[in-house]
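A.B. asks: The structure's right below; bear with me while I get my questions together.
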C-alpha cells in the first residue's frame with residue numbers, strides 16, 4: 001500500500017522534474033557558463049567576468065535595465081488600479097449571467113495572439129488610424145495626431161496585455177470574501193473607505209500579490225509590445241538581449257544580460273513580498 | 001523558333017528526368033532550405049520536386065537569423081542556406097558553420113562570370129570556396145518624389161523639410177550608408193578596428209543629431225510599406241525592391257540610388273556544416289540558376305539573379321523601374337559589401353544601442 005503510494009508519487013512528480021531539469025535548470029547552467037566566457041580572438045574563448053563588467057561599465061545598459069524595471073513596476077501598478085474595481089464588480093456586485101459574461105469579456109481578447117492584439121492597437125493609434133481620423137472628423141484636431149511610438153502607447157499595450165492575469169486571481173480571492181463581513185463592517189460604523197482598507201484589501205492581498213507578480217514578470221519579459229508600440233526612444237531590456245543574441249552574434253553578452261534580468265526580477269519580487277509582509281507560501285496557498 | 005526551343009526544352013527535360021530518375025531512385029532527399037522570402041516560389045519548388053524527386057522544405061529568414069540558427073546547432077538542421085556574401089567568411093572563421101563547396105558539382109556556365117568570381121573571392125576561407133552567388137540587389141533610399149523632392153542622399157534624411165517624416169532601420173546598412181554620405185569610407189577601415197571605431201563614432205554623432213527627424217525605426221519590410229503607403233513617411237532607407245513594389249501602386253514613390261552610392265549585396269548559396277543532403281542542394285542550385293527559373297524568381301522576389309541570360313526573361317516593367325532608378329553612372333557607383341571581419345558587429349552594436357537610447 002505504502003509502496004504503491006510512493007510509486008504514484010514518483011510517477012506524478014516525474015513530468016515536473018523532467019520539465020524543470022531539461023527545460024529550465026540545464027539551459028540556465030549552460031547560459032551561466034556562456035555568460036562567463038570572453039572572446040579573445042577568432043574562435044577562441046577564455047573564462048572571465050568581462051561580460052558582466054561590460055554591463056556595469058556601459059551606462060546605456062544600466063539605464064535601460066533600470067528603465068525596464070521602473071516601467072514594469074508602473075505597468076503593474078496601473079494594471080492593479082484598473083483591475084481591482086473591475087474584479088470587485090465581477091466578484092461582488094454582478095450576479096448570475098452578467099457575472100459570467102463580464103468574466104468572459106475579460107477573457108475574449110486572449111483568444112487571439114498577442115501579436116494580433118498589438119496590431120490592433122497600432123491600427124487604432126497610428127497617425128492615419130481610427131482615433132486620429134475620428135478626432136479630425138469631429139474637429140477636435142486640425143491635423144493627423146500621432147499616438148503611436150511613445151512610452152504612453154507602450155504602457156497602454158503592456159497594461160492591456162496583462163489585464164487578465166490580474167483580474168483572475170483578484171476575482172478568485174474576492175469571491176471567497178463573505179458578504180456578511182462587509183456588511184458587519186458597515187454595521188460597526190465603517191464608511192466605504194475604511195471597509196475597503198480594513199477588510200477588503202487585507203482579504204484580497206494574496207490575490208493582489210500573486211497577480212502583481214505575474215503581471216510584473218510578463219511586462220519585464222515582454223518583447224513584442226515594447227518593440228512594436230514603443231518606437232524610437234523606448235529601448236526595452238529584452239530588445240537588448242535579442243539583439244545581442246541574434247544581430248550581434250554576441251551570445252556571451254546576451255547570456256550575461258539574461259542573467260542580470262533573472263536576478264533583477266527575483267530581487268524585485270522578493271522585495272515586493274517583503275514590503276507587503278507576504279510570503280510566497282501564503283500567496284500561493 | 002519557339003517550337004524548336006519548346007521541343008528542345010521538352011527533350012532536355014525528358015533526358016534530365018530519366019537521368020534524374022535513374023540517379024534519384026536511390027537518393028531522393030529532403031532539401032531543407034534556409035532562405036529569404038521570394039527566393040523559393042511555390043511553383044519553382046513544385047517543378048523542382050517533379051523533376052528531381054527531392055522534396056523541399058523552405059524556412060524563411062534573414063541574414064542575422066540564419067547565422068544565429070546555424071550557430072545554435074553548429075551548422076545543422078538545414079542543407080542549404082542563403083546568407084549574403086559578406087557574412088560568410090567572418091562567421092565561418094568564428095563559428096565554423098559552413099562547409100566548402102564542391103564546385104565540380106555546380107554548372108558554372110550558368111553564372112554571370114564576374115559575379116561568380118567576386119563571390120568566390122569574398123567567400124574563400126583557408127583556400128576553400130564556401131559560396132556561389134544567387135540573388136543580388138541594392139539598398140538606398142525610397143522617396144515619395146512629390147512630397148520630398150530634396151532627398152538625394154542618406155544625409156538628406158536629416159534635413160528640416162522632411163522632419164518627422166523619415167524612417168530607417170537601426171541596422172548596419174544604415175551606419176555604412178551614412179558613413180559614405182558623410183564622405184567617409186567605412187569599407188577601407190574594415191580591417192582596422194581603431195579606424196573603424198573612429199568612423200562609427202562620427203556616424204553615431206550624426207545619427208543622434210538626426211534622431212528628432214525620425215518617425216520610427218522600421219523593423220520589417222511590411223512595416224515600412226505601410227508607413228510609406230499611408231504617407232506617414234515620405235523618405236526612408238530601404239531596399240530597391242521595396243521601392244519598386246510601391247512604385248507599382250503609386251508612381252510618385254520610387255527607389256532612388258543615393259548620390260554617395262547605393263550599397264550592393266549578393267545573397268549566396270552555402271552548405272551548412274552538418275547539412276545531410278548535399279546532392280539535393282547542388283541539384284537545387286543548378287536548377288534555379290537556369291535562366292528561365294531564375295527569371296521566375298526575379299518576378300517574385302523583385303531582384304535580379306546572378307544567372308547568365310535571365311535578364312532576357314525579366315518583365316519589361318521591372319526593367320523599366322530598374323533603369324529609372326539606376327543610371328549607368330549609378331550602377332558603377334554601387335558600393336559592394338566586402339566580407340565583414342569577425343568582431344565588427346560588436347563596435348556597430350554599441351553604436352546602434354547608444355543611438356536608440358539617445359534622447
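A.B. asks: Looking at (1) in contact with a helix residue (DSSP H, G or I) (Cβ under 8 Å, 6 or more places away or on another chain); (2) within 11 Å of chain A (Cβ to nearest Cβ), which one does residue B:200 not meet, given that it meets all the others?
C.D. replies: The one condition residue B:200 does not meet is (2).
A.B. asks: Here's another thing I want to ask about it. Being in a helix (DSSP H, G or I), on the phi < 0 side of the Ramachandran plot and without any contact (Cβ under 8 Å) to a residue 40 or more places away in the chain, is that true of even one residue in the stretch B:273-294?
C.D. replies: Yes, the stretch B:273-294 contains a residue that is in a helix (DSSP H, G or I), on the phi < 0 side of the Ramachandran plot and without any contact (Cβ under 8 Å) to a residue 40 or more places away in the chain.
A.B. asks: If you don't mind, another one. Which condition number in (1) within 19 Å of the chain's Cα centre (by Cα); (2) within 14 Å of chain A (Cβ to nearest Cβ); (3) on the phi > 0 side of the Ramachandran plot is the one that residue B:302 fails?
C.D. replies: (2)
A.B. asks: Scan the stretch B:79-105 for residues that are touching a helix residue (DSSP H, G or I) at 6+ places or on another chain (Cβ under 9 Å), in a loop (DSSP other than H, G, I, E, B) and surrounded by fewer than 19 Cβ atoms within 10 Å (Cβ to Cβ) and report the count.
C.D. replies: Of the residues in the stretch B:79-105, 1 are touching a helix residue (DSSP H, G or I) at 6+ places or on another chain (Cβ under 9 Å), in a loop (DSSP other than H, G, I, E, B) and surrounded by fewer than 19 Cβ atoms within 10 Å (Cβ to Cβ).
A.B. asks: Considering only the stretch A:180-215, state which residues are more than 23 Å from the chain's Cα centre (by Cα) and within 25 Å of residue A:79 (Cα to Cα).
C.D. replies: Selection gives A:182, A:192, A:193, A:194, A:195, A:196, A:197, A:198, A:199, A:200.
A.B. asks: Considering only residues that are surrounded by 18 or more Cβ atoms within 10 Å (Cβ to Cβ) and within 14 Å of chain B (Cβ to nearest Cβ), which ones fall in the stretch A:214-230?
C.D. replies: Within the stretch A:214-230, A:225, A:226, A:227, A:228, A:229, A:230 meet the criteria.
A.B. asks: May I pose another question? Can you pull out the residues in the stretch B:218-238 that are within 20 Å of residue B:155 (Cβ to Cβ) and at pLDDT below 90?
C.D. replies: B:218, B:224, listed by residue number.
For (1) closer than 28 Å to residue B:341 by Cβ; (2) at pLDDT below 90, each residue gets a yes or a no:
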{"position": "A:18", "(1), (2)": "no, no"}
{"position": "A:23", "(1), (2)": "no, yes"}
{"position": "A:35", "(1), (2)": "yes, no"}
{"position": "A:41", "(1), (2)": "yes, yes"}
{"position": "A:44", "(1), (2)": "yes, yes"}
{"position": "A:54", "(1), (2)": "yes, yes"}
{"position": "A:60", "(1), (2)": "yes, yes"}
{"position": "A:68", "(1), (2)": "no, no"}
{"position": "A:72", "(1), (2)": "no, no"}
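A.B. asks: With the condition kept exactly as written, say whether any residue in the stretch A:259-267 is within 30 Å of residue B:211 (Cα to Cα) and at pLDDT 90 or above.
C.D. replies: Within the stretch A:259-267 (the criterion being within 30 Å of residue B:211 (Cα to Cα) and at pLDDT 90 or above), the answer is yes, since at least one residue qualifies.
A.B. asks: I'm trying to understand the selection: among the residues of the stretch A:112-137, which are part of a helix (DSSP H, G or I) and under 18 Å from the mean Cα position of the chain (by Cα)?
C.D. replies: Restricting attention to the stretch A:112-137, the residues satisfying the condition of being part of a helix (DSSP H, G or I) are A:114-125, A:130-137.
Those that are part of a helix (DSSP H, G or I) and under 18 Å from the mean Cα position of the chain (by Cα): A:114, A:115, A:117, A:118.
A.B. asks: Shifting gears a bit: Out of contact with any strand residue (DSSP E or B) (no Cβ under 6 Å at 6 or more places or on another chain), touching a residue at least 24 places away in the same chain (Cβ under 8 Å) and away from every other protein chain (no Cβ under 14 Å), is that true of residue B:130? Step through it out loud before you land on a result.
C.D. replies: Numbers: out of contact with any strand residue (DSSP E or B) (no Cβ under 6 Å at 6 or more places or on another chain): no; touching a residue at least 24 places away in the same chain (Cβ under 8 Å): yes; away from every other protein chain (no Cβ under 14 Å): yes.
No; evaluated as a whole, the condition is false for this residue.
A.B. asks: To continue, here is another question. Give me a count of the residues in the stretch A:240-253 that are more than 8 Å from chain B (Cβ to nearest Cβ) and under 15 Å from residue B:219 (Cβ atoms).
C.D. replies: 1
A.B. asks: Just give me the residues in the stretch B:341-359 being touching a strand residue (DSSP E or B) at 6+ places or on another chain (Cβ under 9 Å) and not in a helix (DSSP H, G or I), in sequence order.
C.D. replies: Of everything in the stretch B:341-359, those that are touching a strand residue (DSSP E or B) at 6+ places or on another chain (Cβ under 9 Å) and not in a helix (DSSP H, G or I) turn out to be B:342, B:343.
A.B. asks: Here's a follow-up. When you look at residue B:179, is it under 21 Å from residue B:340 (Cβ atoms), buried (at least 19 other Cβ atoms within 10 Å of the Cβ), in contact with a helix residue (DSSP H, G or I) (Cβ under 9 Å, 6 or more places away or on another chain) and at pLDDT 90 or above, yes or no?
C.D. replies: In short, yes.
A.B. asks: Counting residues that are under 25 Å from the mean Cα position of the chain (by Cα), within 14 Å of chain B (Cβ to nearest Cβ) and surrounded by 17 or more Cβ atoms within 10 Å (Cβ to Cβ), which helices (runs of 4 or more DSSP H) fully inside the stretch A:1-95 reach at least 2?
C.D. replies: So the answer is A:59-88.
A.B. asks: Failed condition for residue B:289, given (1) within 29 Å of residue B:211 (Cβ to Cβ); (2) more than 14 Å from chain A (Cβ to nearest Cβ); (3) surrounded by 22 or more Cβ atoms within 10 Å (Cβ to Cβ), with all others met?
C.D. replies: Condition (1) is where residue B:289 drops out.
A.B. asks: For residues that are touching a helix residue (DSSP H, G or I) at 6+ places or on another chain (Cβ under 6 Å) and more than 14 Å from chain A (Cβ to nearest Cβ), scanning just the stretch B:336-359, find the one that is surrounded by the fewest Cβ atoms within 10 Å (Cβ to Cβ).
C.D. replies: Only one residue fits best here, namely B:338.
A.B. asks: Given the options B:53, B:21, B:38, name the one that is modelled with pLDDT under 90 and at positive phi.
C.D. replies: Exactly one residue qualifies, and that residue is B:38.
A.B. asks: For the stretch A:119-146, what are the residues that are modelled with pLDDT of 85 or more, within 12 Å of another protein chain (Cβ to nearest Cβ), farther than 18 Å from residue B:225 by Cα and surrounded by 16 or more Cβ atoms within 10 Å (Cβ to Cβ)?
C.D. replies: A:132
The values are calculated or read from the model by the stated rules, or taken from the named source; none is laboratory data. All values derive from a computational prediction rather than experimental measurement. Here the Cβ is made from the backbone with ideal geometry for all residues, glycine too, and neighbour counts use every protein chain on show.
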